[in-house]
Every structure is written in structure tokens, then in C-alpha cells.
1. Quickly run through region A:374-398 and pick out the residues that are more than 7 Å from chain B (Cβ to nearest Cβ), open to solvent by 20 Å² or more (accessible area, probe 1.4 Å) and over 14 Å from B:Thr13 (Cβ atoms).
2. Being touching a strand residue (DSSP E or B) at 6+ places or on another chain (Cβ under 9 Å), within 22 Å of A:Ala396 (Cα to Cα), in a strand (DSSP E or B) and within 10 Å of chain A (Cβ to nearest Cβ), is that true of even one residue in region B:13-30?
3. Considering region B:1-10 alone, what residues qualify as being open to solvent by 20 Å² or more (accessible area, probe 1.4 Å) and within 14 Å of chain A (Cβ to nearest Cβ)?
4. Can you confirm whether B:Glu70 is more than 14 Å from chain A (Cβ to nearest Cβ), part of a helix (DSSP H, G or I), of a type in the set (Asp, Glu) and open to solvent by 10 Å² or more (accessible area, probe 1.4 Å)?
5. Quick check, is A:Thr70 surrounded by fewer than 13 Cβ atoms within 10 Å (Cβ to Cβ), in a helix (DSSP H, G or I) and assigned by TED's automatic domain parsing to the domain that holds A:Phe114?
6. Count, please, the residues in region B:176-216 that happen to be free of Cβ contacts under 8 Å to residues at least 24 places away in the same chain, open to solvent by 40 Å² or more (accessible area, probe 1.4 Å) and within 12 Å of chain A (Cβ to nearest Cβ).
7. Starting from region A:570-595, keep only residues that are in contact (Cβ under 8 Å) with a residue 24 or more places away in the chain, then list their pairs with residues that are part of a helix (DSSP H, G or I) and among the acidic types (Asp, Glu) whose Cβ atoms are within a distance under 9 Å, requiring at least 6 positions of separation or different chains.
8. Does any residue in region A:359-373 that is at positive phi and at the interface with chain B (Cβ under 10 Å from one of its Cβ atoms) come within less than 9 Å, Cβ to Cβ, of a residue that is part of a loop (DSSP other than H, G, I, E, B) and of a type in the set (Phe, Trp, Tyr) six or more places away or on a different chain, and which pairs are these?
Amino acid sequence: MLQTVAFVIVAGIAFGYSGFRFAKLFQLLKSMKGRTPKFGRVAERIVTATVDILGQRAVLRDPWIGVAHTMIFWGFLIITLGTLEQFAMTLNEGWTFEFIGQTAYSALIWSQDFFTAFVLYGILYAAYRRLVKRPKNLGQSQDANNILMFTGSLMVSIFLMNSFHVLGSDPWFKDSYFISKHLASVFGGLGFSTETNHGLYIFFKWLHMSLVLGFAMYIPGSKHLHILAAGPNTALKHLDVAKGMRTLNFADETLTQYGAAKITDLSWKDALDLYSCTECGRCEALCPAWNTEKPLSPKSIIIDMKKNLYANKDLILAGKADEVTSLIDARVTDDVIWACTSCRACEVACPVFIEHTDKIFDARRNLVMMESRFPVEVQPVFKNMETNGTPWAFSASERANWAEGLGIPTMAENPTIEVLLWVGCAGSYDERNKNVLKSFVNVLKRAEVKFAILGTEEQCTGDAARRIGNEYLFQSLAQTNVETLNRYAVKDIVTACPHCFNTLKNEYKDFGGTYNVMHHSEFMAKLVATGKLKPTQEVAKKITFHDSCYLGRWNNVYEEPRSVISAIPNVELVEMKQNRKDGMCCGAGGGRMWMEETIGRRVNVVRTEQALETGAPVIASSCPFCMTMLSDGVKTKDKVDSVRVLDIAELMDASTS
Amino acid sequence: MNLYVCIKRVPDTEMKVKLKADNSGVDLAGVKTILSPYDEFAVEEALRVKEKNAGSTVTAITAGPAEAIEVLRTALAMGCDNAIHIELADGSDSNMAAKAIAECLKKEAPADLIYFGKEAIDDGAAMVPQMVAARMGIPSVTIVTGIEYSGATIKCKREIEGGSSETVEVTLPTVIAASKGLNEPRYATLPNIMKAKKKEVKAIKASDLGVAASDQKVKLSNFQMPPPKAAGKKIEGDAAAQAKALVQLLHTEAKVV
């Protein structure tokens, strides 16, 4: 009776407190003003969430800690059953779970011992990793140490409780305590009386319950909040690999804030992302900005935005939205926001599906459109796009000059075509990339593909403008392009630029442009597979391939460019250490192509070094920006004489000539 | 303070120049137009002065055909408060533009500072700022790359021949012709772009300002494209021979030594 009263009081306080904190967190979530994304496809979500949560698929991508985490996760699920029974029986001794039958109950008891050991192993590995191995991106955290201490003590207290339960009460199911009964025989050697042993059982039971209740109070303020947030976050994740940026509706006159000036301008899903982060650092380990000493760490930006949210919590909950402090603060600085190449390695690596780029893009939108605050070298880029539809300082009337004498029809000449060749600004104006386009034209002609270009009617897709944060400029370019494409009833598009590819394919939908868009790697892979292209010439003995972020991580095209290279006779395709979804960005994405890089090492040089490590004399690229960055890298490393950077179209051209 | 910025709509710097069939001028059909880049420095400077002096207004003025309103919208988006469009026919000369602007300014609230770009990048005449100042009987400082403001007198740093600069002290009101280096013009924020679309532009006919056809002093005719650039010559041989050949060429072909 005394125990019951004590438990009601203690548990009431503990659950009351943590419940209050969780309610605040939930209110905070609801106060977010940013437009909430749509969540359809419920059945699909259930399946994928089951695999990702119960199956721990995403966590297991890092096998060692993945297994440890899976052990802890599953262990806690099962042990919670025992804890529930413990709570129930403390309230009323009759509320034992024995009603499930003797065999089932024995199994439950057995499982408690088994999973306690299971969890303990997991925790021991996690502690070893955090305290001894110390991977760089994990960092040091008192919160993490506290969590290990809490969870470790919980397991130890269960074993002690079970052992003295065996000694003090001699329960009928004692043999099911297949580990604790051995511990009990050890403690039996202490020679305590049955009463003392029973007392110790009560003591350790209370210790265990206190730890559980204490932990419940600790969780709302800890990164361990992920045990509640990460599940829903996983179920609500962006389901497709391909992802367009959120489209702003400028026609909506109630919309007066573009992008995020304050934390509350983000959406509640963004806040759930912040709650879900458990600071594992997988994002940071792959971030090209962080790995070249930029101030941006995808892990830190999430933690820092969470700090911003919490620091403003009282103001937000009191409805004093005006007084909420800026999203850009002492931790999340302008340099942090501009360092991102939007390569998306962080999002792809995140085991709880946090979408870092959404937040960075929203912050940029506010800086550019509301405050006109961005790296000064970007201004002429915007102006060039506005007046001439290209980031480069060239006239729109010169866009098709590269194609002079090649006999390519323009859509205005009304040709019958299978596919429209979207040239892109780099292919139109950049000397190096004009050659790539010419090679691709050779390949198309050789495969007898009927194609045309838009000529001077083509404009920049606006990719860089959008990713830098100038949504207004992007939309004006997108609308014009969609109008042009729809006027010619274009259905199939092929392009050698992954940025154009991504924008045309995933983002023009919102402006009435739905096309079947193929990257030239996909197109050439198909031409080879169907026998329309027959690569016969040797090009190089060894080739390494650099993944473009907007082809790979943003659109899941990893194998097609590789199959194009492998189709070339007698070539060995050697992979860099970081390849495919772990591939390192060249440094040009997210509009970084148009910004100076003044902090840390240069991303393109570091990536070039990784390519040079393979010893391949050819670095293959499938993106005009990667081409520029890697070519510069090869120049910086003084390897121009021994290493060439070639587009896969140039390789195919050489091999089929 | 009453601040005025006089601006001009010009063809984009990247345009491919083509002449009209009768060589009477440059063919501007289908050419993108922009706010003349030096005028951007002028707008930016006026806005910065306004931001430091509470209660100031910046009025943008342009003289030109109907399409010239575009640059007023650009100036408004950058942050100007008012805009005046003086309707003046295409092909009018600097004298007409200067007269129109000066007469317009005389009717507006007395100016403290009137900013111009040092020249428009289309005709590159670089005359209107000084002509306006003369008509208004106030000083003008041209090719200004830096200004120190202190009450009724300001110090202007201006570029002079030979890559050096001089500092001129001048009493307000004055005309300033801005050059590159004066500031970094801002990029308009979206709320300001939206607001600029709705702002009223005051329209005045040049004829109402007393501008007549007889004010046109200069008529341009018979435009010609520059001759195509000839291929370069490479001088071979050792250093002494190269020097000798170079001097020879400078003497006989270039006729500069």
C-alpha cells in the first residue's frame, strides 16, 4: 500500500513534468508558420516506416554502430513490456501479466533477461565507440554521456532486481531468468537472509523505476528526444529520392515573408527534424563544406537551429512573434548559410531523414529576397540571368552560336524530332563545355537520333538562382521556358547538364511543364543497350568517374554513366573511395559555382586529389560544373599533362568515331 | 533633404550592335534594355544619403519615350520614393534632355543634391549633368568616386587623367555625376519590387517644360560599324631582333614612333 501511494506520487510528478514538457514541445511545433508540406501516400509510408524503424534499415547503413543501435532499440521495446508490468504491479499487486498463460509469461520473463543483456552489449559498444574510438564527427557531448549512463544503469538495475527477486521471492518462473539466476547464485554467496534479499529486490526495483521516471523527465530536454520524434519524422519523410524545392506562390498576397527570417518561418516538419536529430554526425562526415574547413556543419546547423527554437520558446508560446530573434545568429551565420553546395550528402546519410537543405534554402530565400544580403559576386549573375537568361555575361542572341555549321535544326524550323536537346548555359557559352555538346551532337548523329534545339529561345533553367535563394528570378525564367516548351508541345528532353535535368524534371511541374527528361548518361546508356551506339575504339586503360550530386543523390542516377564508361572497350572503371551516394561534391552546386571560395581548402581541389589517388589518367564527369571544377583542380595540382577531365559524351564520341 | 537621381534607359551591355538599314542609328529592335550602370551608382548614393538623413526623399527622373518608365520601376524597386517620367522623343540630344530635366527640377521641391551617372553607356556623351547644373546655376562635380558628407558642404573625390584623383569641396545644392567605385549598388528586395510595380509615376510632357524642336542642337547621322579587327602579328627571332622589328612596325605601320 505504501509502495502504491509512493509510486502514484513519484510517477505522477515524473510523468506530469515530462508530459508538460512534451506538450510544450508539441505546441512549439504547432506554432511554426512555414508552409507545411503535403503528406499523401499513406500505405507507402506505413511500409517504409516499418522497414526503417522496426527494421532499422537506415541506421544499419553504418553496420557496427547500426547493429549496436538495433540491439538497444529492440531491447528497449521488449524491456518496456516488463517495465509496464512492474508499474502495473506496483499500483496493484494483482495486475501481473501472468494472465497470458504460463508458457507465454515464462517467455516474457526469459525475454527480459535476454534483451537486457542484448541492450547492455549495445550500450557497451556505443560507450566504447564514443569514449575510446571517438570518431571525429561524433563529437563530445555530456548529453550523450548522460544517456549512456542512464541506459546502462537501467540494464544493471534490472539484472540486480531480477537476481534478488529470485533470491528473495523464489518465483515459480525463476528458471526463465536464465541469466539472473546465475547472478543470483553468486549473490546467494553473500549469505543474506531471505528478508534482506527481498528488501534488496524492492530496493533495486525502486532504483529501476526511479531511473525510468528520471529518464522520462530527462528526455524532453535531451537529444534522446529522438526516441519520440524520429519515428514520426521517418514516417513523414520525403518518399522519393528526387525532390524539387518548395515553390513559393507569389500570387498569394497574404504571403509577405519569403523564406525564413526567423525560426518560426520554418514549417512544423522542419521543427520535427530538429527534434529528431540525435547528433550522430553521419551528415557531417560527408559534408564537403565541413571537410574543407568551412564554418558549415550540417549537424551543427540542426543543433544550432534547435537552440534558436528553444531560446525563443517562451516568446513563441506567448504569441510574441515579433520579438522572436533572427534565424541568422551568432552560430548560424551568413557564412554558414552560403557555404552549402546543396550536394545533399547530409540528407542522404541521415538515419532519421532530416532535410537540411530545406532549411538552408529557406534561410537563403529570406537573405536574398527580403534583405538583399548575399555574396557580392552573385549580383552580376542575377542581373545576367534577368537580362540575358544566362548567368554568364553573354548576349541571349549568341546562345546558339556554338551550333553554327553543325546542321542542328531549331524547334522554330518545325522539324520532326524524337527528342529535344536542352543545351543549357554552360553548353551554350562556356568554351570547354561547348566541346562536350559538340561531342554529344556527334554521338546523337551517329546513333541517328532525330533531335533539335530551341536555339536562342532557350533560357537558363534558373537552377542556380533558385538554389541561391532568388525564387522570384527562378520563377520568371521557369515560366518563360515552360511557355516555350509547351508552345512546341515538347515531350522528351535530353540534356548534358544535371542541374538543367533536375530542374526540368522535378521542378517545372509546378509551372505546368511535365516532360520526360533524360540525362545524357541515361540516353547514351540506352543507345548502347539497344545497339544503336557501338563503342569500338579504346579511349583509356583506366577511367575514374566523379558523381554529380544533382544526377546521383538528387535523382538516383548512379549506374547509367558508369555503364556508358564500361561499354568502352578495354577500360577499367576505378572508383574513388567516396563514390555514388557517398560521393563528394565538386564544390559548384547550390550556386557555389558563382561564389568565391575564401574559407578553408577548396572543395574542387580536395575532390580532385581523391580522383588523382585512383591513378586513372582520365577523370570522367557528367556535369558541366563538375567539369569546370575538376579541370581547375587538375590545373591546381599541376597534372594537366598526365590527367584529362572528360565528359562521358566525349568518351563515347571518341569510342564510336 | 530633397534628393534627385536622373537616370536613363540604355541597351544591355551584352547586346550585339547592329545598325539600322539607313545607318541613322543603332537598331534596338528586340534588344534588352537596362538602367545605365553608372546611374545605378547614382541611385545607390542617393538612397544611402536618404537612409542617413531621416525625412529625406529620393525622386528618380528620366527623360525619354514611354518604355523609359522601366528604369523608373527599377529605381523605385531599389528604394526611391517618387518617380517622374518626362516624355521626350527618342533621338533627342543632350541639350534637350538637360533642358527638360532642369526645367522639371525647377518646378519640384528645391533640390539639395542631384545625382547622375557620369555618362550613359549608349551614347557616352557625358554632357547632361553639367548642362543641367549650368541651367540651374549650381555647381557640378563629375566622375565622382567618393563623397564625404558634412552639412552644407561636401567633399568629392573625382577621377582625373592619368589614373589619379583630386578632391573637390562643393557647397549644396550641387550636381554629382557618379562613377564606378562610389559604392556597390544594391539588389532590390522582393517586397520593394512588388511595391514599385504599384507606385505612381508622374508624367510630364517635355513640351510643357518649354522644350521645343529648336532645342535640338545635335543630329546624329550615318553610323558605321568599326572595321573588323585584323589578325595580330607575331614577331619572331631573338630579343634584339624582335625589338628592332617592333620599332620598325610601330614606325612604318602604326606610325606612332
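1. Scanning region A:374-398 gives A:Phe374, A:Pro375, A:Glu377.
2. In the first step, residues of region B:13-30 are kept if they are touching a strand residue (DSSP E or B) at 6+ places or on another chain (Cβ under 9 Å); the result is B:13, B:15, B:17-20, B:25-28.
Remaining after also requiring within 22 Å of A:Ala396 (Cα to Cα): B:13, B:15, B:17-20, B:25-28.
Still in the list and also in a strand (DSSP E or B): B:19, B:26.
From the residues that got through so far, the ones that are within 10 Å of chain A (Cβ to nearest Cβ) too are none.
Checked against the condition, which is being touching a strand residue (DSSP E or B) at 6+ places or on another chain (Cβ under 9 Å), within 22 Å of A:Ala396 (Cα to Cα), in a strand (DSSP E or B) and within 10 Å of chain A (Cβ to nearest Cβ), region B:13-30 yields no hits at all.
3. Within region B:1-10, just B:Arg9 meets the criteria.
4. Judged against the criteria, B:Glu70 is not a match.
5. Working: surrounded by fewer than 13 Cβ atoms within 10 Å (Cβ to Cβ): no; in a helix (DSSP H, G or I): yes; assigned by TED's automatic domain parsing to the domain that holds A:Phe114: yes.
Against the criterion (surrounded by fewer than 13 Cβ atoms within 10 Å (Cβ to Cβ), in a helix (DSSP H, G or I) and assigned by TED's automatic domain parsing to the domain that holds A:Phe114), A:Thr70 does not qualify.
6. Residues meeting the conditions: 2.
7. A:Met576/A:Glu613; A:Lys577/A:Glu613; A:Arg580/A:Glu559; A:Gly591/A:Asp463; A:Trp594/A:Glu377; A:Met595/A:Glu377
8. Matching pairs, first to second residue: A:Ser372/B:Tyr187.
The values are calculated or read from the model by the stated rules, or taken from the named source; none is laboratory data. None of these values were measured; they are calculated from a predicted model. No Cβ is skipped: glycine too gets one built from the backbone with ideal geometry, and neighbour counts run over all protein chains shown. Remember, those area values only see protein heavy atoms, side chains included, never the ligands or the DNA or RNA. Shrake-Rupley method; radii C 1.70, N 1.55, O 1.52, S 1.80 Å.
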